[in-house]
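What follows is one structure encoded as structure tokens, with my remarks underneath.
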Amino acid sequence: MYMLAFGAPGPSEWMLILIIVLVLFGAKRLPELARSLGQSMNEFRKAREEFDRELQQAANDVKGTTTAQPPRTYTQAPQVAAPVQPAAQVQPAPGTQPVQPRQPEPPQGTASTAGTPQTSDPGRPLPG
């Protein structure tokens with residue numbers, strides 16, 4: 001069994017294509033069609049070459065802007081600043097008391113059950 005493989009057409013396929021074109025357009029229009037096809041291919045080639053030139057020029061422009069500046073060199077090491085002194089301890093103002101942290105107060109209503117352990121009983125309703 002013959003299977004058509006996609007790729008470049010062979011000599012028999014070209015012959016079939018030529019016969020179909022000859023039948024469709026006739027022998028009088030073949031030279032005109034060939035000329036038109038040649039001009040189209042020439043324009044396509046010119047457009048492709050112009051695109052390649054523009055692409056190459058853009059690549060050269062990018063290379064030119066990145067390498068135009070020479071690398072910086074330093075002749076003298078930068079001066080190192082003296083180390084910063086730690087901040088002084090904050091002293092309360094004269095005649096005031098320092099603030100002492102407070103213990104958090106338990107929420108209201110929990111003082112009576114604070115010392116008893118809570119058990120989980122799914123059948124018992126919740127208090128409150």
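Each reported figure results from applying straightforward, stated rules to the coordinates on display, with no laboratory input. Everything quoted here is computed from the prediction, not taken from an experiment. Note: ideal-geometry Cβ built from the backbone for every residue, glycine included; neighbour counts use all protein chains shown.
Structure notes:
- Take the convex hull of the alpha carbons in region 27-66; its mean projected area over all directions comes to 2.1 nm².
- Once both labels are positioned 7 Å from their Cα atoms along Cα-to-Cβ, the gap between residue 48 and residue 97 label points is 9.3 nm.
- 3J(HN,Hα) along region 21-29: 5, 5, 5, 5, 9, x, 6, 6, 8 Hz, from the Karplus curve 6.51 cos²θ - 1.76 cosθ + 1.60 with θ = phi - 60°, whole Hz, x for Gly and Pro.
- Label-point separation, residue 8 to residue 124 (7 Å along Cα→Cβ), nm: 9.2 nm
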